[in-house]
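See structure below.
The values are calculated or read from the model by the stated rules, or taken from the named source; none is laboratory data. Keep in mind the model is a prediction, meaning the values are calculated, not measured. Positions of Cβ are backbone-derived with ideal geometry, glycine not excepted, and every protein chain shown enters the neighbour counts. Accessible surface areas use protein heavy atoms only, side chains included; no ligands, DNA or RNA. Shrake-Rupley method; radii C 1.70, N 1.55, O 1.52, S 1.80 Å.
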Amino acid sequence: MKPLPAKVEGVLFDLDGTLLDSAPDLHAALAAYCAEVGAAVPDYAVMREVVSRGSRAILRCAFAEDDGALLARMPRYLEIYQGMLATHTRPFDGIAQLLEAIEAQELRWGIVTNKPGFLTEELIQRMDWDLRASAVICGDTLPVKKPDPAPVLLACEHAQVEPASCVFVGDDARDVEAGRAAGLYTVAVRWGYLDGGDPESWGADAVLEHPRQLAGLLKLPVTA
């Protein structure tokens, strides 16, 4: 584990698999879509692992098709998902307390996700985070998305923090790659979906098991 910057001004997070456990609703939507088209529903564990790669990877769990066919299926799948958004999605254990502790220390926090804006915005409203986050950068905010560093840099700009004084937290190698390229301190988390990978191999500055450890790393007092 590398030492933190001398001064930390903000913390940026990936959304699905880092702040929120959204896999139950994503799988429920996939099951509903499969029922519509008469396809077998893939196991939850198989789908959960690829959530960080987005809806195309989720659909590929049920349909062995090329990208063009999967893209054609995506609008209906996302429509179904939007209809059940936040039904079972919840912050991971310890995230609520972590965000409160970040705010109590007057640090800024934000979200950088590859999830489309119309879903991200509704979801963070359902979580009552829309007025709390200093930056929300979605998968279609820019022409590029993670692992490109541009969305992370834009989030720093919106949050008014210097990249060198900011931490980026995620559950996928793309998060670490984007954060590192943008000049942030990177944290890989084991509580997320991981895309079948080993966070120790991603080159993150720190690898953590629980949000409490992130609070400890940042020296934040967290209430139970």
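Details
- Selection from the range 125-140 of residues that are surrounded by fewer than 22 Cβ atoms within 10 Å (Cβ to Cβ) and among the β-branched types (Val, Ile, Thr): 136
- Filtered by the rule that a residue be surrounded by 16 or more Cβ atoms within 10 Å (Cβ to Cβ), touching a residue at least 24 places away in the same chain (Cβ under 8 Å) and of a type outside the set (A, V, I, L, M, F, W, C), the range 28-46 gives a lone residue, 33.
- Residue that is without any contact (Cβ under 8 Å) to a residue 24 or more places away in the chain, touching a Leu at 6+ places or on another chain (Cβ under 6 Å) and more than 25 Å from residue 204 (Cβ to Cβ), where the choices are 70, 59: 70
- Restricting attention to the range 148-196, the residues that are touching a residue at least 40 places away in the same chain (Cβ under 8 Å), surrounded by fewer than 20 Cβ atoms within 10 Å (Cβ to Cβ) and of a type in the set (Gly, Ala, Ser) total 3.
- Yes/no for residue 185 being hydroxyl-bearing (Ser, Thr, Tyr), within 15 Å of residue 13 (Cα to Cα) and modelled with pLDDT under 95: no
- Yes/no for residue 25 being in contact (Cβ under 8 Å) with a residue 60 or more places away in the chain, in contact with a His (Cβ under 6 Å, 6 or more places away or on another chain) and open to solvent by less than 40 Å² (accessible area, probe 1.4 Å): yes
- Looking across the range 30-45 at every residue that is in a helix (DSSP H, G or I) and over 28 Å from the mean Cα position of the chain (by Cα), the one that is farthest from residue 72 (Cα to Cα) is identified as 36.
- When 108, 212 are checked against the criterion of being crowded, with 19+ Cβ neighbours inside 10 Å and not small (Gly, Ala, Ser), a single residue qualifies: 108.
- Residue count for the range 5-21 satisfying the condition of being under 19 Å from residue 190 (Cβ atoms) and surrounded by fewer than 23 Cβ atoms within 10 Å (Cβ to Cβ): 1.
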